[in-house]
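What follows is one structure encoded as structure tokens, with my remarks underneath.
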Amino acid sequence: MGLIYKTDSWKGYGKQNTYHNEYFDDGDIIRKVKVHLFKLFDGRENSWEREEKVDEAWARDDPNMPDWLRKLLG
């Protein structure tokens, strides 16, 4: 699975929460993954955690795929 595009980050609800989207080429399927980065305190130190959720997916020939993404694929 290869990364095609990564959006700029935007802030979440807390000071230490950010989100961005990543688009992956998985052969016949293109996936949009929403990434949530947040800081956790374990009692001693802060560490950054990452959660990923597949938000949307399209076949390469899907007419519902955004035009800008189709252009990136060539």
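Throughout, read-outs are computed from the coordinates displayed, never taken from laboratory work. Predicted model, so just to flag it, every value in this text is computed and none were measured. Cβ: placed from backbone, ideal geometry, glycine included. Neighbour counts: every protein chain shown.
Numerical summary
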quantity	calculated
The chain - charge dipole about Cα centre, Lys and Arg +1 at Cβ, Asp and Glu -1, debye rounded to 20	340
The chain: most fluctuating residue of Lys39, Lys15, Lys53 per GNM, C-alpha cutoff 10 Å	Lys15
Residues of type lysines that Lys34 reaches as a straight line, Cα spacing below 20 Å, ignoring anything fewer than 8 places off in the same chain	Lys6, Lys11, Lys15, Lys53
Share of pairwise Cα separations in the chain, more than 15 Å, in percent	60
Mean Cβ count within 10 Å, highest first, over the residues of peptides 61-67, 17-23	17-23, 61-67
3J(HN,Hα) from dihedral phi, the stretch 47-54, Karplus parametrisation 6.51/-1.76/1.60, rounded to Hz, x for glycine, proline	9, 7, 10, 10, 10, 10, 9, 5
Whole-Hz couplings from phi, Karplus 6.51/-1.76/1.60, listed for the stretch 63-69; x for Gly and Pro	x, 7, 5, x, 4, 4, 6
Amide H partners (placed H, <5 Å) of Tyr5, local residues excluded	Tyr23
Cα-centred dipole magnitude for the stretch 6-46, charges only on beta-carbon of K, R (+1) and D, E (-1), debye, nearest 20	300
Ellipticity estimate at 222 nm from DSSP helix runs (n ≥ 4, -39,500 (n - 2.57)) divided over the chain, nearest 500	-2500 deg cm²/dmol
Karplus-derived HN-Hα couplings along the stretch 2-17 (A = 6.51, B = -1.76, C = 1.60, θ = phi - 60°), whole Hz, x at Gly and Pro	x, 5, 9, 7, 10, 7, 5, 7, 10, 6, x, 7, x, 5, 10, 10
Nonlocal amide H pairs with Gly12, under 5 Å, H built at 1.01 Å	Asn17, Thr18, Tyr19
